[in-house]
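Worksheet: the structure to be examined is printed underneath.
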Amino acid sequence: MKNLTMIMILPLLVLTACGGDSGGSDKAQGETNAAVEASDGVYHAHLRPLNPRSNGYLPHGGATFRIDGDKLSVTTFLDDASGVIHRQSIHTGTICPSLSEDKNRDGMIDYTEALSAVGSVMIPLDADLSAQEKGAEIYPRGQSFTYNKSVFISEMVKNLYEADPVLNDEFIKFSRGDRLKLVGRVVLVHGTNASDLLPGTLGTRGSEEANLALPVVCGVISPVP
Amino acid sequence: MKNMFYVFVLFSFPALSETLTDKIHSVVKSSPDSHIVRFQNGRVGFVRSDLLRVIKTSVGSEVQVRLDSRSVIRQMTILKAPREIYDIYLKQILDVDPPPFEPTMISSAKVKEIFSSLNPNFRRLSECSDRTHVWAFDEFKKSGIKSQKAFVLFTASYINRVRFKWWFHVAPMFAVETSGGIQKMITDVMYKDRPVSLKEWTSMMVFSERDCKMTRKFSEYDVNPQTEDCYMMFGSMYDRLPSDLSAQETVGIFRSEWNETEVSGARARAFNVGRIL
């Protein structure tokens, strides 16, 4: 059944990537993007520090994506000084936030400020990559973690084209013509220790503690030659 | 094995978080009842005054320490005694006269090209001194461009105030010709996604946004560390550690050539072989 689904979904991915009624050059660009996102290979994002003043440490991490046919293997790591839950996601945006996003000028790029730069959450890197809703938002924990998960791309893309069960939250589903296109997307990781070094002005995500919502590293995915 | 012996262990560990193996560079006072142990790799550990004596006698030793989540040293084991380390250090003497060192002037486009070509495949938890040394060596071997090293040295009062985890950080620095004159640009691939100015680089670490006081003497940083947040020292591409800068002043040793064995060691410690996997 899983193989049958793959056979049905993969052409959909290609058709979608090449779809639309744009002109010749757009079509050619679409085909290029489709080729990149579906090509076997390794893609990587260096995760560099955001908000290092939150705990006096310069965190660093990496996110590696390996595509082998319909299989996507994801490995992320983070070396930090905060033994907390580190929520991590692939976002729709193409740039990491900078201090220009610090709208309330408290010296930190908080959760809501970061989202204005990195866009909505496309794929939460949690316990189950096959669906946005399935991983129960179970994320790595610890001051030094390694995360490994695999997924069938066809399953993941199918879920991304399903109706959005909760509108106006930070998760987004694909519209017609949207593509997975890992290259250029942003990986954002959150979570630092509660500390008196954190200002009380930090925006957060719902009822989540502000220190756990605070972005700590960010990177843009690029192909590994 | 004969040199291995335990110094102290405290049994009320609140969330031990890290084990660190390195040489003790120095010990400085950070507050009336606390001192900071500075390790050669740049990390720091806080130590209570009542444990100070045993720590001070271990300066120069290679030790293994366990730090709690607030970087307080809870356990220490001496792995190698200081005398032996000092002897090893003396074997690395390269020169005794202050040699001239002029960095190569390059264009803005060139520094971006260099940044893109620096090996990004560093190991997790690699040391900045090792990464920087290899980057500088590789660029010199490839293009003949002479770079400098920018050492930012954090004072004990700053470390204590913001609980910063390092006492120094180093990165390659290039002299870039611009319409406004020569600008020093930092290529710190691990933490920045492009070449940045000294100010932008230090802002990542100096949360007060104060400028780091420029000095040519390590002793100026070492002797009176309470008045500034940080000091800035420029080294040549041959200098790897702050101890290389202090040796210029204390024993007149100026590094003027590569020690390829040392570079190989730094490469093995800091970089993975092959591409990112």
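The values are calculated or read from the model by the stated rules, or taken from the named source; none is laboratory data. Quick caveat, the model's predicted, so the values are computed rather than measured. In this analysis, Cβ positions are derived from the backbone assuming ideal geometry, glycine residues included, and neighbour counts consider all displayed protein chains. SASA here: full protein model, heavy atoms, side chains in, ligands and nucleic acids out. Shrake-Rupley method; radii C 1.70, N 1.55, O 1.52, S 1.80 Å.
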Meets criteria (open to solvent by less than 10 Å² (accessible area, probe 1.4 Å) and within 13 Å of chain B (Cβ to nearest Cβ)) for A:Gly83: no
Every residue from region B:218-277 that is over 15 Å from the mean Cα position of the chain (by Cα) and of a type in the set (Gly, Ala, Ser): B:Ser219, B:Gly252, B:Ser256, B:Ser264, B:Gly265, B:Ala268, B:Gly274
Options B:Ser236, B:Ser219, B:Ser203, B:Ser246: the member that is at pLDDT 95 or above and hydroxyl-bearing (Ser, Thr, Tyr): B:Ser236
Candidate set from region A:86-96 (those that are in a loop (DSSP other than H, G, I, E, B) and away from chain B (no Cβ under 14 Å)); member that is nearest to A:Glu170 (Cα to Cα): A:Thr92
Subset of region A:105-130 (residues that are crowded, with 20+ Cβ neighbours inside 10 Å, more than 11 Å from the chain's Cα centre (by Cα) and closer than 13 Å to A:Arg87 by Cβ): A:Tyr111, A:Ala114, A:Leu115
Among (1) closer than 22 Å to A:Glu170 by Cα; (2) modelled with pLDDT under 90, the one test that A:Ser22 misses: (1)
Search result, residues across region A:177-192 that are surrounded by fewer than 20 Cβ atoms within 10 Å (Cβ to Cβ) and either out of contact with any helix residue (DSSP H, G or I) (no Cβ under 8 Å at 6 or more places or on another chain) or closer than 16 Å to A:Ala81 by Cα (or both): A:Gly184
Cβ pairs under 8 Å, 6+ apart, first in region B:211-235 and more than 27 Å from B:Phe101 (Cα to Cα), second open to solvent by 60 Å² or more (accessible area, probe 1.4 Å) and in a loop (DSSP other than H, G, I, E, B): B:Glu228/B:Arg210; B:Asp229/B:Arg210
Selection count where residues are open to solvent by 20 Å² or more (accessible area, probe 1.4 Å), more than 10 Å from chain B (Cβ to nearest Cβ) and at pLDDT 95 or above, scope region A:38-69: 0
Qualifying residues in region A:103-148 (those that are within 14 Å of chain B (Cβ to nearest Cβ) and assigned to a strand (DSSP E or B)) - the one farthest from A:Gly200 (Cα to Cα): A:Asn148
Helices (runs of 4 or more DSSP H) contained in region B:180-277 and holding at least 3 residues away from every other protein chain (no Cβ under 14 Å): B:218-223, B:242-250, B:260-270
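Being under 15 Å from B:Cys230 (Cβ atoms) and more than 9 Å from chain A (Cβ to nearest Cβ) is the filter here; which residues of region B:168-179 pass it?
B:Phe168, B:Val170, B:Ala171, listed by residue number.
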Region B:108-167 - residue that is of a type in the set (A, V, I, L, M) and facing another protein chain (nearest Cβ under 10 Å) and, of those, surrounded by the most Cβ atoms within 10 Å (Cβ to Cβ): B:Ile159
Strands (runs of 3 or more DSSP E) completely within region B:1-109 that count 1 or more residues being modelled with pLDDT of 80 or more and charged (D, E, K, R): B:16-31, B:34-39, B:62-68, B:73-80
A:Phe77 open to solvent by 20 Å² or more (accessible area, probe 1.4 Å), of a type in the set (Phe, Trp, Tyr) and either in a strand (DSSP E or B) or at the interface with chain B (Cβ under 9 Å from one of its Cβ atoms) (or both): yes
Criterion violated by A:Val151 - all others in (1) in a loop (DSSP other than H, G, I, E, B); (2) of a type outside the set (Ser, Thr, Tyr); (3) more than 14 Å from chain B (Cβ to nearest Cβ) satisfied: (1)
Within region A:174-225, tally of residues that are assigned to a loop (DSSP other than H, G, I, E, B) and at negative phi: 30
